[in-house]
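Okay, structure first, notes after.
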Amino acid sequence: YYAISAYAYNPKEGVNPTNTESILQPGNICYNSNLSGANYGDQVPVTHATGSADGTVLVTIMDPAKLTGDKYKVSFHDEMFTLGSEGTWTDITALNKKLGKVTDLTGSNLTGTGIWNEPKDKVVLQYLVYLESIDYDYCNGVILRLPANIIVDSIYNPISNNNGSSIPYIYNKEANTIFFGDSSRNGNGLFTGGEDITLKVDAPALPVITNYTMFDDAFGKSIVDVNGTCTITTIANQSLTQHQWNVTDLASGQIVLKNQTIYNNTDIYAPNYYFANNQIYGPGGSSGSLVANLDAAADPVFSGIKVDVNGNFTVPTTISNVNLNGTNLSFNSSEWLNNSGTYDISDFTIFGYNGTASVSLPNYNGAGGTTDLNALEQDYELKWTGVLGDTVINGDTVVITKSGGSLATLFGARNYSLAAHPLNPNPGSTNPFTIRIPFEVWNTTKNEQVNLLVFDRNYALTNDPTRNGFSVWNTVDRVYTWVVNTKYSTAVINPSSSVVADSATWSWVFFASKFNTGDDIKITYINPIQIGKDSFTFTVPGAVTSVKDVKTIKNFSLSQNYPNPFNPSTRIEYSLPKSEHVTLKVYDILGREVATLVNENKQTGSYSIQFNAGKFASGVYIYRIQAGSFTQTKKLLLLK
């Protein structure tokens, strides 16, 4: 509510009275956030549209009057920089996007750079794969057609951001072409964006003009390959690649926030921070700050909202969390312990390695394991369904899992030989065999039971298999295990097989496992943000801009846009004397609909909506409102 009055004041000494004021004229203003449901500080719901990262995006309303009502997408990409002889960093990704002669509407391309290499007559040519697809396709393969004068010294296999595998290539020396991947159209291409294709060549004549083809994997409805040209004009002293994020307004298709490097209120490419971790300062991050740690005020604000991206790109190397029967176990010196000391669980980080099977399993004559990020970020559950009991074998009492649990492959032991194990089906042989353990291993990401390799690492001879009381699964001493992430089988698994090399993921060390039947342990791993895979979407409410006296709105109205002729960002106002469902659409001169600005129920009031016409050509357009039975049409002129 408000009141208006005329007021006068006389400062002259001796005047009485010193002021006069007219009768108050009361009125009321409708500035009701319920018109759009938006208030300062509100959180906008965000959907993790694609990918499986643990990252989050927070969107906060900062100015309800500037909201667009549009849907936005947060996506991640790599940006490549090179350091020239003059000591200046150059964003060559942007330069090559301008130089590239891409014939496909998706916008996918290759960015290229050359970097001096030792010895000085060698140069590394590095091509960064940038993927953008209208129907969520990946790329099966990339052909590089090098100039005839390029002499290739070495070719390196790029690593797929789809499954972490090494991408094969075929080199045709006569044609001087290299084909990475294939053109199989299998719907699951190895290139998802962000892959580095690297060659070492003899110092070339400049410019190096590389023609290329990127093959659509046909996941979507259409097949559209990309043909382009990448031109390298200089040889740099150094290069680096930044993980950045953009925000795209899906209504207009325009990138409204570009090349951001702030994660968790930290600019990970701030020069001082980057130097401490990489011994070079780099070009700096989007914040412009020398230091990494920023407050929330540094998060970028646009169109009335603030976007805060949380997450990282760190590939997991150890357990993130262990939960026993619904309670998180405490972390202490790389071990997870519950309060009663019943369980003492870790991985090989406690011995100075990381937790992956690829690092620790070869130490025990195993084949290693996968480095595929998509496999390493999967989570597990240990279901302790087993029941222990005694049995007598060769006159000795042996503690076995009498029921429940699962079969696992025992392939080694410390302080005793498998040849003497009471459950060895071939006494005297040291070949692996299966034993029943008191728990099942489930991959909760895939929702299937998987396999386990076991190495009985007894610290002392207290659990001698030739003595009474030997425990097949030792609940009070050390047992090493490795997950083989394949569908559960009762067959023996060869620890040095290619199956293990391709599928073994993590090591688990049980220092103690004094379980109760029915216990449940969940083991989770960090899921990093993946370039080309993770994206987030959100839709903001419409702007809150009604400031007119509700009681004075007697008729429906549609105002002329302003300014007129209008620029790429103009406003259109309308008023409603009563609540109605409102549609406000824009058409070109041929009557074709080009934009929907409003399509929702509105309360009584006056509104203003922004029409972002950045992607439209200059010309005459028509806009039309329908509110209940009321319709009105007006023309507008766009001049750019």
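Can you tell me which residue in the stretch 436-452 is nearest to the chain's Cα centre (by Cα), limited to those that are open to solvent by 10 Å² or more (accessible area, probe 1.4 Å) and in contact (Cβ under 8 Å) with a residue 24 or more places away in the chain?
Selected residue: T445.
Identify all residues within the stretch 164-177 that are of a type in the set (A, V, I, L, M, F, W, C) and either part of a loop (DSSP other than H, G, I, E, B) or open to solvent by less than 60 Å² (accessible area, probe 1.4 Å) (or both); write none if there are none.
Passing the criteria: I167, A175.
Give the residue that is farthest from the chain's Cα centre (by Cα), with candidates limited to residues of the stretch 472-508 that are among the small types (G, A, S) and open to solvent by 10 Å² or more (accessible area, probe 1.4 Å).
By that ranking, first place goes to A491.
Just name the residue that is most open to solvent (accessible area, probe 1.4 Å) out of those in the stretch 381-435 that are basic (K, R) and at pLDDT 95 or above.
Restricting attention to the stretch 381-435, the residues satisfying the condition of being basic (K, R) are 383, 402, 414.
Okay, now just the ones that are also at pLDDT 95 or above, so 383, 402.
Details: K383: 63, K402: 126 Å².
The qualifying residue most open to solvent (accessible area, probe 1.4 Å) is K402.
Can you tell me how many residues within the stretch 253-284 are in contact with a helix residue (DSSP H, G or I) (Cβ under 8 Å, 6 or more places away or on another chain) and not hydroxyl-bearing (S, T, Y)?
Residues that pass the stated criteria total 7.
With on the phi > 0 side of the Ramachandran plot and at pLDDT 95 or above as the only criterion, which of G518, G469, G532 stands out?
Sole residue among the options that is on the phi > 0 side of the Ramachandran plot and at pLDDT 95 or above: G518.
Please identify the pairs in which a residue from the stretch 260-282 that is more than 14 Å from F76 (Cβ to Cβ) and of a type in the set (A, V, I, L, M, F, W, C) has its Cβ atom under 6 Å from the Cβ atom of a residue that is open to solvent by less than 40 Å² (accessible area, probe 1.4 Å) and in a loop (DSSP other than H, G, I, E, B), counting only partners at least 6 apart or on another chain.
A270/G285; A270/S289; A270/A292
Return the residues of the stretch 231-264 that are charged (D, E, K, R) and open to solvent by 30 Å² or more (accessible area, probe 1.4 Å); say none if nothing qualifies.
Let us first name the residues in the stretch 231-264 that are charged (D, E, K, R), namely 249, 258.
The answer is K258, and nothing else.
Tell me which residues, restricted to the stretch 194-209, are open to solvent by less than 50 Å² (accessible area, probe 1.4 Å) and either under 24 Å from the mean Cα position of the chain (by Cα) or under 20 Å from L131 (Cα atoms) (or both).
G194, E195, I197, T198
Considering only the stretch 300-315, state which residues are at negative phi and either more than 18 Å from the chain's Cα centre (by Cα) or open to solvent by 30 Å² or more (accessible area, probe 1.4 Å) (or both).
Once the filter is applied, which keeps residues that are at negative phi and either more than 18 Å from the chain's Cα centre (by Cα) or open to solvent by 30 Å² or more (accessible area, probe 1.4 Å) (or both), the stretch 300-315 yields P300, V301, F302, I305, K306, N310, N312, F313, T314, V315.
Under the condition of being more than 30 Å from G532 (Cβ to Cβ) and surrounded by 21 or more Cβ atoms within 10 Å (Cβ to Cβ), which residue from the stretch 340-359 is modelled with the highest pLDDT?
The qualifying residue modelled with the highest pLDDT is F348.
Can you work out which of the residues in the stretch 176-206 that are hydroxyl-bearing (S, T, Y) and farther than 30 Å from D121 by Cα is modelled with the lowest pLDDT?
Looking at the filtered set, the residue picked out is T192.
Within the stretch 239-256, track down each residue that is in contact with a Lys or Arg (Cβ under 6 Å, 6 or more places away or on another chain) and of a type in the set (A, V, I, L, M, F, W, C).
L250
If I ask for residues that are over 24 Å from G389 (Cα atoms) and assigned to a strand (DSSP E or B), which ones from the stretch 467-507 would you list?
Those that are over 24 Å from G389 (Cα atoms) and assigned to a strand (DSSP E or B): W482, V483, V484, N485, T486, K487, A504, T505, W506, S507.
Which is under 19 Å from N374 (Cβ atoms) and open to solvent by less than 10 Å² (accessible area, probe 1.4 Å), of F219, F191, F180?
Among F219, F191, F180, only F191 is under 19 Å from N374 (Cβ atoms) and open to solvent by less than 10 Å² (accessible area, probe 1.4 Å).
Only one residue in T397, T409, T391 is under 27 Å from V499 (Cβ atoms) and either in contact with a Lys or Arg (Cβ under 6 Å, 6 or more places away or on another chain) or not aliphatic (A, V, I, L, M) (or both), so which one is that?
Details: T397 fails: under 27 Å from V499 (Cβ atoms); T391 fails: under 27 Å from V499 (Cβ atoms).
Answer to the check: T409.
Are any residues in the stretch 78-98 over 26 Å from S320 (Cβ atoms) and open to solvent by less than 30 Å² (accessible area, probe 1.4 Å), and if so, which ones?
Within the stretch 78-98, the subset over 26 Å from S320 (Cβ atoms) is 79-98.
Once the filter is applied, which keeps residues that are over 26 Å from S320 (Cβ atoms) and open to solvent by less than 30 Å² (accessible area, probe 1.4 Å), the stretch 78-98 yields E79, M80, F81, T82, G84, I92, T93, N96.
Among the residues in the stretch 142-151, are any open to solvent by less than 10 Å² (accessible area, probe 1.4 Å), touching a residue at least 60 places away in the same chain (Cβ under 8 Å) and more than 24 Å from the chain's Cα centre (by Cα)?
yes
Any idea which residue in the stretch 265-299 is modelled with the lowest pLDDT, counting only those that are more than 16 Å from F81 (Cα to Cα) and either open to solvent by less than 20 Å² (accessible area, probe 1.4 Å) or basic (K, R) (or both)?
This residue is D299.
The values are calculated or read from the model by the stated rules, or taken from the named source; none is laboratory data. Note that this is a predicted model, so its numbers are computed, not measured. When we count neighbours, we look across all protein chains shown, and the Cβ atoms used for this are built from the backbone with ideal geometry, even at glycine. Ligands, DNA and RNA are excluded from the accessible area calculation, which covers all protein heavy atoms including side chains. Shrake-Rupley method; radii C 1.70, N 1.55, O 1.52, S 1.80 Å.
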